[in-house]
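Chemist: One structure follows; several queries about it will come next.
The values are calculated or read from the model by the stated rules, or taken from the named source; none is laboratory data. Treat the numbers as computed from the prediction; the structure is a model and nothing was measured. When we count neighbours, we look across all protein chains shown, and the Cβ atoms used for this are built from the backbone with ideal geometry, even at glycine.
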Amino acid sequence: MSDSKDAPTSDTLPRIAMIGVGSMGGAILAGLRAPEVDIALPIVVTTKSVTSAQAFAGDDDVTALSSEQDADANKTAVRDAELVVLAVKPWMVRDVVREIANDLAPGAVVVSVAAGVPSSAIEDKLPDGVPVVRAMPNTPATIGLGVTGIAAGAAATDAHIELVRRLFATVGEVLVVREDQINDIAAVSGSGPAYLFLYAEEMTQAAERRGFDEDQARVLVQQTIVGAAELWAHSDDTPEELRRKVTSPKGTTEQAVLVLQEANWGELFDRALAANARRSEELERGE
Ligand SMILES: NC(=O)c1ccc[n+]([C@@H]2O[C@H](COP(=O)([O-])OP(=O)(O)OC[C@H]3O[C@@H](n4cnc5c(N)ncnc54)[C@H](OP(=O)(O)O)[C@@H]3O)[C@@H](O)[C@H]2O)c1
């Protein structure tokens, strides 16, 4: 097991412990394991089941411990870590924090990606002054194309935020926001991939109903989404300008766009994001 991929420098990310490596923890871990990321190794991760931990057997850069196999796994994982990332389900966060509170290394920063768990709920269970940072990433982090909102808790300084920004910069773009904006980050980008996949599902089925087979429909829809997203990323135009460029007056696109606009997407998206943020608030109240 090496101590880092190269000799550590001031840019080397410090020792990280990740409590939970499911969909989101796994996405972040995949980013951290990219060859170009300079990080102190090994990254220590914990899982509940032995089977999940066994997925890392034989890996040099990751040490995986299962809490089912070793009741002290989470405590052991955090002892040497400067950054502790909590990536368990929201309703488990408080228990996990209580569990690790007295084993954190001095100066460790606790980062929670859990939806609907305020930093104050985490700080309450930690010794005074332990810095907590909320983060709201999304699953494209798995391929380095995530976007993460991060917000400081009461004891987190600019230096802590900068450290956490560097952590999430390994998996995509990072926005530093106020904590009262985190639920809206969750609504827009945290859950955002699901909305795009819903669009892809519906458009693929509509293409199939127009006579394309499954593979043809997938290629048509997937490449349209990827191509349009890249076009936007490579352009200074707004989505509205890009839409107008493919919408000639009296043309075919215009007819489809008119039908879609009848559904009043603005109001629909307002309602969808409000429902998402409402659920975060319910989670905050423990419902
Ligand atoms: N998924 C998203 O798109 C997304 C986006 C933003 C934020 N988040 C947040 O990310 C967090 C995790 O969500 P997820 O979708 O990644 O959940 P998940 O796939 O169910 O993963 C949970 C992970 O926690 C582990 N775990 C469970 N109990 C544990 C314990 N006592 N000690 C240590 N590890 C334990 C699980 O291990 P086993 O595999 O052994 O069960 C698994 O690795 C949530 O708080 C969620 O709000 C998710």
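Chemist: State yes or no: is S112 surrounded by 21 or more Cβ atoms within 10 Å (Cβ to Cβ), at pLDDT 95 or above and over 25 Å from T12 (Cα atoms)?
Modeler: The answer is no for S112.
Chemist: Sticking with this structure for a sec: Output the residues belonging to segment 175-227 that are in contact with a Lys or Arg (Cβ under 7 Å, 6 or more places away or on another chain) and either modelled with pLDDT under 95 or away from the ligand (no atom under 14 Å from the Cβ) (or both).
Modeler: If the condition is that a residue be in contact with a Lys or Arg (Cβ under 7 Å, 6 or more places away or on another chain) and either modelled with pLDDT under 95 or away from the ligand (no atom under 14 Å from the Cβ) (or both), then V176, E179, T204 are the ones that fit.
Chemist: From V37, V44, which residue is within 20 Å of the chain's Cα centre (by Cα), over 19 Å from D103 (Cβ atoms) and outside any helix (DSSP H, G or I)?
Modeler: Sole residue among the options that is within 20 Å of the chain's Cα centre (by Cα), over 19 Å from D103 (Cβ atoms) and outside any helix (DSSP H, G or I): V37.
Chemist: For segment 47-67, which residues satisfy the criterion of being of a type in the set (D, E, K, R) and within 17 Å of V97 (Cα to Cα)?
Modeler: The one that is of a type in the set (D, E, K, R) and within 17 Å of V97 (Cα to Cα): K48.
Chemist: Output yes when any residue across segment 16-29 is more than 11 Å from the ligand (Cβ to nearest atom) and assigned to a helix (DSSP H, G or I), and no when none is.
Modeler: Scanning segment 16-29, I find no residue that is more than 11 Å from the ligand (Cβ to nearest atom) and assigned to a helix (DSSP H, G or I), so the answer is no.
Chemist: Of everything in segment 122-139, what is within 14 Å of the ligand (Cβ to nearest atom), farther than 21 Å from A77 by Cβ and either surrounded by 24 or more Cβ atoms within 10 Å (Cβ to Cβ) or without any contact (Cβ under 8 Å) to a residue 60 or more places away in the chain (or both)? Give them in sequence order.
Modeler: M136, N138
Chemist: Just one of the numbered conditions (1) within 26 Å of the chain's Cα centre (by Cα); (2) not in a helix (DSSP H, G or I); (3) not assigned by TED's automatic domain parsing to the domain that holds A151 is not true of V174; which one?
Modeler: Here V174 clears every test but (3).
Chemist: Still on this structure, please answer the following. In segment 184-242, which residues are surrounded by 13 or more Cβ atoms within 10 Å (Cβ to Cβ) and among the basic types (K, R)?
Modeler: R218
Chemist: Here's a follow-up. For segment 80-110, what are the residues that are within 11 Å of the ligand (Cβ to nearest atom), of a type in the set (A, V, I, L, M) and either closer than 23 Å to Q181 by Cβ or not in a helix (DSSP H, G or I) (or both)?
Modeler: Correct list: V85, L86, A87, V88, V93.
Chemist: On to the next question. For segment 47-75: of the residues being in a loop (DSSP other than H, G, I, E, B) and surrounded by 16 or more Cβ atoms within 10 Å (Cβ to Cβ), which is farthest from the ligand (Cβ to nearest atom)?
Modeler: D61
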